[in-house]
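Engineer: Quick one: this structure, given as structure tokens, is what I'll be asking you about.
Derivation of every value follows stated rules applied to the coordinates shown; laboratory data play no part. The model shown is predicted, which means the values in this text are computed figures rather than measured ones. No Cβ is skipped: glycine too gets one built from the backbone with ideal geometry, and neighbour counts run over all protein chains shown.
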Amino acid sequence: MAEHIVRAFDADLDALSRGVAELGGLAESMTTRAIEALVRQSPAMANEVIALDAKLDALQQELEEKAVLTIARRQPMAVDLRAVIAAIRVTHDLERIGDLAKNICKRVLAITGLVQAPKLVKGVEHLSQLVLTQLKDVLDAYVERNAEKALAVWEHDENIDALYTSLFRELLTYMMEDPRNIGVCAHLLFCAKNIERMGDHATNVAENVYYLVTGGKLLAERVKADTTSLEKPMSAQ
Amino acid sequence: MVAATQQEAPAPPTRRWRQSAAVGALATTLLIICVLALIGSPVLLPALAGALVTVIAALSRPRAEHKVWAEISSQETVRAGIQAIVSGVADPVVVLDSHGNVTMFNAQAKAALPQLGIGRHLSFAVRSPEVVSAVERVLREGTVAEAEFHEKVPVERSFEVRATPVRFDAASAGPPSASLEIVMLFRDVTAARRLERMRVDFVANASHELRTPLASLYGFIETIEGPAKNDPAAQARFLAIMREQARRMSRLIDDLLSLSRIELKEHVQPTEEVRLDSVLSEVIDTLTPLSLECRTKIEIEGMNRTQVTGDRDELIRVFENLIENAVKYGQSGGRVDVMLVDGERAVSVTVRDYGPGIAPEHLPRLTERFYRVDVADSRQKGGTGLGLALVKHILNRHKARLVVRSELGAGASFEVMFAKPAINEPA
Ligand SMILES: Nc1ncnc2c1ncn2[C@@H]1O[C@H](COP(=O)(O)OP(=O)(O)OP(=O)(O)O)[C@@H](O)[C@H]1O
Ligand SMILES: [Mg+2]
């Protein structure tokens with residue numbers, strides 16, 4: 001009888017992890033497509049992603065309820081409790097990533113047809129590639145329960161910050177070069193900011209995977225390489 | 001292939017076994033009930049019970065047991081047969097039970113989806129919402145479902161997925177889903193998708209980048225036809241510039257084409273063994289005229305026999321680009337070092353110059369297409385801004401890394417690292 005309960009509990013945990021993986025897949029897919037919508041300037045694709053957000057939210061809520069029920073019913077301990085807690089936290093970050101993808105798509109709708117030079121979105125695309133890699137790696141780490149992989153994701157975040165800083169300066173330069181670029185570049189700046197924040201959420205997920213596997217915490221606050229706001233004002237060439 | 005699997009697989013391995021086991025259990029239970037009922041009549045008990053036990057023991061038990069064992073062995077044969085078919089398929093194949101849990105897969109599937117594990121749900125290995133919902137659809141409706149899924153990182157890949165419901169035991173009664181399994185066939189369509197994309201990208205990039213030089217060509221032609229009509233000296237000068245422009249345009253197209261070609265096969269790792277030292281000396285030889293022209297000396301270090309797995313022509317392009325950049329942009333330093341190190345965990349090549357260096361905000365961007373730190377300077381040096389993009393894609397394909405280090409005023413170093421395959425620890 002006891003074994004039966006244990007097995008049912010394992011099944012609960014397994015279903016929960018599986019749900020988190022599927023939610024992660026949805027967030028990955030939304031992000032990939034949001035960037036594609038931006039690069040290809042495709043309002044149709046942007047609208048598809050915007051529509052997907054409701055599905056993501058519903059799935060996230062369902063998972064959270066499942067997790068809460070699991071705690072109430074099974075009163076898990078130690079690693080099992082950590083698995084449930086981590087699942088709840090991870091779903092929150094994934095849901096935020098979906099929101100940010102949706103926000104990028106709304107901006108795509110606003111700037112479609114106004115982007116004059118492909119080079120304007122190239123940097124944003126490059127940034128998204130780094131973040132998507134982080135997201136993929138951290139979800140793989142979650143599925144594999146791999147603390148080392150999670151740690152690697154957590155440490156890689158600095159590359160994203162460096163690229164974001166560089167992108168920020170480039171977009172500012174375009175704005176100063178030609179005032180007609182200002183509207184589009186402002187939207188692109190926010191897109192870049194959204195992507196950079198997705199990277200932060202991926203890092204949060206990494207912290208939770210690490211916690212789930214080892215029970216330990218990654219150092220609370222890291223020194224950020226983001227020096228954008230400390231820069232001296234640039235001269236316009 | 002799926003059809004073949006269906007035909008060759010008349011019975012579901014585990015489920016039939018479980019059914020026979022259930023029959024056995026049922027028989028045993030009935031026996032116990034009979035015995036319990038008999039206990040109620042003490043007179044008949046010893047005789048009847050003894051007889052029943054003997055009869056049933058003689059008839060059903062050995063039979064049931066015999067049948068179960070026969071089934072197991074025949075099931076095992078069938079299962080082995082299916083496994084053999086699955087491993088024989090050239091594309092990735094995964095077989096799922098009626099809950100979506102993985103029961104079988106082949107080596108190709110494991111290579112494409114490293115998180116696959118027997119008994120684990122498919123979603124742990126493929127998170128793509130398209131595939132997840134295709135599996136749900138098959139389980140719900142019992143019909144074939146198709147999906148396509150794309151991976152963008154670390155290298156772009158696309159698969160067409162066909163999920164076919166298979167009833168291994170058509171004769172079995174019970175709810176239709178009881179014996180349902182799903183055969184998932186993955187077809188790698190990366191090359192086809194990339195080809196489509198390549199056309200689009202090529203047209204977009206080429207038209208954008210060629211516009212400026214084309215406009216200037218027009219300008220010169222108009223000048224030669226108009227104001228410079230009777231000025232042979234000016235005409236000669238303009239024609240020389242025009243030749244240079246045309247040369248740059250054709251180089252741009254060549255570079256774009258090679259970039260597209262590399263991207264097309266980026267997901268296939270090269271297998272050849274290449275002598276890195278000979279690649280480097282060949283590149284340095286071809287760059288000697290340029291280095292003389294730029295008054296820059298190329299110093300070499302560690303040029304011992306060193307092998308890596310790779311594509312010789314592509315590696316030549318990589319080091320040609322890196323050393324050419326070092327000579328072109330770092331010529332004020334007068335010296336370029338090329339170092340080959342055959343280390344314990346990696347083989348690395350470092351190209352270092354002593355020129356002006358690169359400001360930190362540009363470092364993460366250098367490998368983007370058409371990214372140039374100083375557009376005018378690079379144009380004047382005949383650059384297209386595609387060199388490092390090409391380097392990056394080639395190295396991706398080789399699973400090698402590029403690390404750029406530089407400080408303004410202190411030169412730049414570009415290091416290429418080929419990881420060595422992990423050596424098995426001695427037993
Ligand atoms: N060793 C270096 N020192 C300083 N700047 C460099 C160095 N190598 C590359 N760069 C900068 O990086 C930019 C991109 O280099 P890349 O090789 O991709 O293009 P390119 O040299 O301009 O064109 P191509 O290689 O197609 O002729 C260059 O324009 C240059 O500004
Ligand atoms: Mg170059």
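Engineer: Net charge within 15 Å of B:Thr286 by Cβ-Cβ distance, Lys/Arg positive one each and Asp/Glu negative one each, not counting B:Thr286 itself?
Structural biologist: Net local charge, B:Thr286 excluded: -3.
Engineer: Please report, ordered by residue number, every helix of chain A (full DSSP H runs) that is 20 Å or longer along its axis going by C-alpha atoms and whose mean Kyte-Doolittle hydropathy reaches 1.6.
Structural biologist: none
Engineer: How much net charge surrounds B:Gly411 when only other residues with a Cβ under 15 Å from its Cβ are counted (Lys, Arg +1; Asp, Glu -1)?
Structural biologist: In short, 0.
Engineer: Follow-up. Let's see if you can work this out: charge +1 on each Lys and Arg Cβ, -1 on each Asp and Glu Cβ, no other charges. What is the dipole magnitude of region B:270-422 about its Cα centre, in debye to the nearest 20?
Structural biologist: Working: 21 positive and 23 negative charges, 72 e Å.
Dipole of region B:270-422, to the nearest 20 debye: 340 debye.
Engineer: Which one of A:Val39, A:Val153, A:Val108 has the biggest mean-square fluctuation once chain A is modelled by GNM with Cα springs under 10 Å?
Structural biologist: Among A:Val39, A:Val153, A:Val108, the largest mean-square fluctuation in the Gaussian network model of chain A belongs to A:Val39.
Engineer: Using amide H atoms built in the peptide plane, which far-off residues or other-chain residues are under 5 Å from B:Lys420 H to H?
Structural biologist: Long-range HN contacts for B:Lys420: B:Ala346, B:Val347.
Engineer: What relative contact order, as a whole-number percentage, does region B:194-264 give when Cα pairs under 8 Å and 6 or more residues apart are counted?
Structural biologist: 52
Engineer: Might you report the magnitude of the Cβ-based charge dipole of chain A about its Cα centre, with Lys and Arg at +1 and Asp and Glu at -1, to the nearest 20 debye?
Structural biologist: Roughly 440 debye, rounded to the nearest 20.
Engineer: Amide H neighbours of B:Asn106 under 5 Å, at least 5 residues apart or on other chains, H built in the peptide plane: list them.
Structural biologist: It is B:Val93, by chain and number.
Engineer: Along the charge dipole of region A:10-166, pointing to its positive end and built from +1/-1 on Cβ of Lys, Arg, Asp and Glu, which listed residue (A:Ala150, A:Ile71, A:Val39) has its Cα farthest out?
Structural biologist: Farthest along the dipole direction, towards plus: A:Val39.
Engineer: Calculate one ³J(HN,Hα) per residue across region B:149-166 by plugging θ = phi - 60° into the Karplus curve 6.51 cos²θ - 1.76 cosθ + 1.60, and present them in order as whole Hz with x for glycine and proline.
Structural biologist: 10, 10, 10, 9, 10, x, 10, 5, 9, 9, 10, 9, 10, 10, 9, 10, x, 10
Engineer: Say we join alpha carbon atoms closer than 10 Å with springs in a Gaussian network model of chain A; which of A:Leu69, A:Leu167, A:Leu212 then has the biggest fluctuation?
Structural biologist: Comparing A:Leu69, A:Leu167, A:Leu212 in the GNM, the peak value goes to A:Leu69.
Engineer: Give the shape of region B:79-154 as rounded, prolate or oblate, defined through the alpha-carbon gyration tensor: a ≥ b ≥ c are the square roots of its eigenvalues, a/c under 1.5 means rounded, and otherwise the shape is prolate if a/b is larger than b/c and oblate if not.
Structural biologist: Oblate, because a/c is 1.5 or more while a/b does not exceed b/c.
Engineer: Picking from A:Lys193, A:Lys55, A:Lys106, which is most flexible by a Gaussian network model of chain A using Cα springs under 10 Å?
Structural biologist: A:Lys55
Engineer: A further question follows. Could I have the simple spin-label model distance between B:Thr288 and A:Val79, label points 7 Å from Cα toward Cβ, reported in nm to one decimal?
Structural biologist: 6.4
Engineer: Apply the a/c threshold of 1.5 to the C-alpha gyration tensor of region B:148-304 and tell me whether it is rounded, prolate or oblate.
Structural biologist: On the way: a/c = 6.64, a/b = 1.97, b/c = 3.37.
Oblate, since a/c reaches 1.5 and b/c is not below a/b.
Engineer: I'd like the Karplus ³J(HN,Hα) series for region B:123-135: coefficients 6.51, -1.76, 1.60, θ = phi - 60°, whole numbers in Hz, and an x wherever there's a Gly or Pro.
Structural biologist: 4, 5, 9, 10, 8, 3, x, 4, 6, 4, 6, 5, 5
Engineer: Whose amide H sits under 5 Å from the amide H of B:Ile300, counting only residues 5 or more places off or on another chain, with H placed in the peptide plane?
Structural biologist: Here the answer is B:Val338, since their amide H atoms fall under 5 Å of that of B:Ile300.
Engineer: Continuing with the same structure: What relative contact order, as a whole-number percentage, does region A:1-81 give when Cα pairs under 8 Å and 6 or more residues apart are counted?
Structural biologist: 31
Engineer: Using the 10 angstrom Cβ neighbour count as an exposure proxy, how do B:Val102, B:Val336 rank, fewest first?
Structural biologist: Fewest-to-most Cβ neighbours within 10 Å comes out as B:Val102, B:Val336.
Engineer: Between B:Arg247 and A:Lys193, what FRET efficiency follows from the Cβ-Cβ distance if R0 is 51 Å, with the result rounded to 0.05?
Structural biologist: 0.75
Engineer: Determine ³J(HN,Hα), in whole Hz, for all residues of region B:112-121 in sequence, where each value follows from phi through the Karplus function 6.51 cos²θ - 1.76 cosθ + 1.60 and θ = phi - 60°; x replaces Gly and Pro.
Structural biologist: 7, 10, x, 7, 4, x, 4, x, 9, 5
Engineer: May I pose another question? Between B:Leu214 and B:Ser133, what length in nm is gained on full extension when 0.36 nm per residue of separation is reduced by their alpha carbon distance?
Structural biologist: 24.2 nm
Engineer: In whole percent, what relative contact order does region B:88-188 give with Cα contacts below 8 Å and a gap of six or more residues?
Structural biologist: So the answer I get is 29 percent.
Engineer: Separate question: Let me confirm one metric for peptide B:117-124, namely the mean number of other chain beta-carbon atoms within 10 Å of its residues' beta-carbons.
Structural biologist: So the per-residue partner count for this stretch is 4.
Engineer: Compute the signed sum of charges (Lys and Arg +1, Asp and Glu -1) over the other residues within less than 10 Å, Cβ to Cβ, of A:Asp140.
Structural biologist: +1
Engineer: Which lysines does B:Lys420 reach when only Cα atoms under 30 Å apart count, and residues fewer than 8 places away in its own chain are ignored?
Structural biologist: A:Lys136, A:Lys149, B:Lys110, B:Lys152, B:Lys265, B:Lys392, B:Lys399
Engineer: If R0 is 45 Å, what FRET efficiency do you get for B:Met303 and A:Ala51 from their C-beta distance, rounded to 0.05?
Structural biologist: It comes out at approximately 0.15.
Engineer: While we're looking at this one, here's another question. Just want the answer: with Cβ charges of +1 for Lys and Arg and -1 for Asp and Glu, which residue in A:Val124, A:Leu114, A:Cys191 is farthest toward the dipole's positive end in region A:2-236?
Structural biologist: The Cα lying farthest towards the positive end belongs to A:Leu114.
Engineer: Further question: Can you put A:Lys102, B:Lys265 in order, fewest other beta carbons within 10 Å first?
Structural biologist: Ascending Cβ contact count within 10 Å gives the list B:Lys265, A:Lys102.
Engineer: Can you classify region A:86-226 as rounded, prolate or oblate using the Cα gyration tensor, where a ≥ b ≥ c are the square roots of its eigenvalues, rounded means a/c under 1.5, and otherwise it's prolate if a/b beats b/c and oblate if not?
Structural biologist: Prolate shape, in that a/c is at least 1.5 and a/b is the bigger ratio.
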